[in-house]
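The values are calculated or read from the model by the stated rules, or taken from the named source; none is laboratory data. Just so it is clear, the model here is predicted, and its values are computed rather than measured. Here the Cβ positions follow ideal geometry from the backbone for every residue, glycine too, while neighbour counts run over all protein chains shown.
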Amino acid sequence: MEEALKSLLARLHLEQQDTLRFIGTSPKDKQKRVYGGQVLAQAMNAATRTVDPARRVHSLHAYFLRPGNPAEPIVYEVDPLRDGRGFSTRAVVARQGGRAIFNASLSFQLPESGLEHQDPMPDVPPPESLESDFDFYSALAERHPERYHKPNRWAMDYRMIDRADPLEHAPMPARCRLWMRAGGPVPDVPGIHQTLLAYMSDNYLIATGLMPHGMGYDNPRLQNASLDHALWFYGDFRADEWLYYDIASPRAGGGRDFNVGRIFTREGRLVATAAQEGLIRLIADGGS
């Protein structure tokens, strides 16, 4: 797993062509489109490298405009919109073949103290008591090779608390609870830990909104994709230590589902919130 993490960290640290232009690549695997979390993380890497290192990302708002092609490089262009006394703002556009596939706005802030409160972390089983998703899907591929491919070693360790049966897809409440962390040590650079959390945060959001409908990503009637994504960071944390991701989908309709996830440290500190709207269009309804 550590080798997979090293490969991911290298991929998320973009090649810098000039002050505001960066190039990213995707893994050479069987995916038909670029994983949204990768584009989020690469865009954050590009923007962060144009800002005073003392400033931290506190919010990100992004739109996925077109599917990314994993076989082609992605060009990230940063617009340095503003540098104030306490905040900096950056816009990032990702392009392939001259066409925008993604755009984002990121705001950075110098750390400061102030009033604080937070919701308590839910009482959940510890990660050591749970099977990793990698082990689960590896075993599933062995039992059902006609339907599932054995996964390559993952860079991240995800552990679901309420695991649905992927063969049955019985309707369940729109709630997903899991632990997650990087699969090895990560350098002591806050921006890298924020980038890795952006990468992880794109997982399981759309799937949560599908749970009440007894559907999964592999349903042949379903067209799904991330439409937009937002992240808010509240303080420093380590992505190589366990983080609890508590996701709920309060609403689906109009071919879209909305999902919100709160991210806690193991000690119960709320360190980030993610929100995403995803496309969950039934193909029989037409359109693209």
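With a requirement of 3 or more residues that are over 20 Å from the mean Cα position of the chain (by Cα), the strands (runs of 3 or more DSSP E) lying completely within segment 1-101 that satisfy it span 15-18, 74-83, 87-96.
In segment 58-80, the residues that are closer than 20 Å to Thr195 by Cα and in contact (Cβ under 8 Å) with a residue 12 or more places away in the chain form Cβ pairs under 6 Å with partners that are small (Gly, Ala, Ser) and assigned to a loop (DSSP other than H, G, I, E, B), at six or more places apart or across chains, as follows: Pro70/Ser26. Scanning segment 152-166 for residues that are in contact (Cβ under 8 Å) with a residue 24 or more places away in the chain and either of a type in the set (A, V, I, L, M) or surrounded by fewer than 16 Cβ atoms within 10 Å (Cβ to Cβ) (or both) gives Asn152, Arg153, Ala155, Met156, Met160, Ile161, Arg163, Ala164, Pro166. Just one of the listed residues (Ala198, Ala207, Ala182, Ala139) is over 20 Å from Thr265 (Cβ atoms) and in contact (Cβ under 8 Å) with a residue 12 or more places away in the chain, namely Ala207.
What residue, among those in segment 102-114 that are in contact with a Phe, Trp or Tyr (Cβ under 9 Å, 6 or more places away or on another chain) and either modelled with pLDDT under 95 or in a strand (DSSP E or B) (or both), is surrounded by the most Cβ atoms within 10 Å (Cβ to Cβ)? Checking each candidate, the answer is Ala104. If you filter segment 200-232 down to residues that are of a type in the set (S, T, N, Q) and farther than 13 Å from Gly255 by Cβ, you find that the one that is nearest to the chain's Cα centre (by Cα) is Ser201. Just one of the listed residues (Arg147, Arg99, Arg85) is surrounded by 10 or more Cβ atoms within 10 Å (Cβ to Cβ) and among the charged types (D, E, K, R), and it is Arg147. Restricting Leu115, Leu140, Leu167 to residues that are under 29 Å from Gly184 (Cα atoms) and of a type in the set (A, V, I, L, M) narrows the list to Leu140.
Selection of first residues in segment 221-235 that are farther than 20 Å from Ala198 by Cα and of second residues that are charged (D, E, K, R) and modelled with pLDDT under 95, restricted to Cβ pairs under 7 Å at least 6 apart or on distinct chains, gives the following pairs, ordered by first then second residue: Gln223/Arg281.
Scanning segment 182-200 for residues that are touching a strand residue (DSSP E or B) at 6+ places or on another chain (Cβ under 8 Å) and part of a helix (DSSP H, G or I) gives Pro190, Gly191, Gln194, Leu196, Leu197, Ala198, Tyr199, Met200. Can you confirm whether segment 162-175 contains a residue that is of a type in the set (Asp, Glu), over 16 Å from Gly261 (Cα atoms) and part of a strand (DSSP E or B)? No, segment 162-175 contains no residue that is of a type in the set (Asp, Glu), over 16 Å from Gly261 (Cα atoms) and part of a strand (DSSP E or B).
Within segment 185-238, being touching a helix residue (DSSP H, G or I) at 6+ places or on another chain (Cβ under 6 Å), more than 16 Å from Leu106 (Cα to Cα) and polar (S, T, N, Q) holds for Gln223, Asn224, Ser226. Of the residues screened, Ala170 is not one that is within 15 Å of the chain's Cα centre (by Cα) and in contact (Cβ under 8 Å) with a residue 40 or more places away in the chain.
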